[in-house]
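Notes follow the structure.
Just so you know, all these numbers are worked out from the coordinates, no wet-lab data involved. Just so it is clear, the structure is predicted and the values come from calculations on it, not from any experiment. A quick note on method: Cβ atoms are made from the backbone with ideal geometry, for glycine too, and the neighbour counts reach across all protein chains shown.
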Amino acid sequence: PGTDGSVILVTITDVVYEVTSDMLCQVFEMVVPILKVATFHKNGKTQALVKFQTPEDAAKAMERLQGEHIYTSCNTLHLQYSNLSDITIKYNNEKSRDFTDPTLPSGPDGPPNATAGRGGARGGGA
């Protein structure tokens, strides 16, 4: 109810290595293409929302990646359908990415600890 089944809520447990939007893109795109991803921390948990083109793509990702590890024996993926039917992404950076809008800025002041950037990550306002 209220969802088309194309957005998955990902909870990552046994986190040893930092979780970034690019890392999750690589993992999910081994199975199916994704449209958007946003990572966040809630109640002490590392989580992400991933938007797929179709509910069928989301179902494939659920089937293939449920309980899998991003790295050997750590960063375990727990997937469930989200109540959302879309994700609003404001910035393309290490925390979020919108493949439907490559023109998004990297952040209001750039990411605080950009390690690999497109240069100019610390640009001013608009």
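Divided by 2.2 N^0.38 Å, where N counts the residues, the Cα radius of gyration of region 1-116 comes to 1.01. Note on Q66 and L84: the extension gain reaches 4.6 nm, defined as 0.36 nm multiplied by sequence separation minus the Cα-Cα distance. Spin-label model, T100/K42: points 7 Å from Cα along the beta carbon direction are separated by 2.0 nm. In order along region 38-47, the Karplus-derived 3J(HN,Hα) couplings, from 6.51 cos²θ - 1.76 cosθ + 1.60 at θ = phi - 60°, round to 9, 9, 6, 10, 9, 6, x, 10, 8, 9 Hz, and Gly and Pro are given as x.
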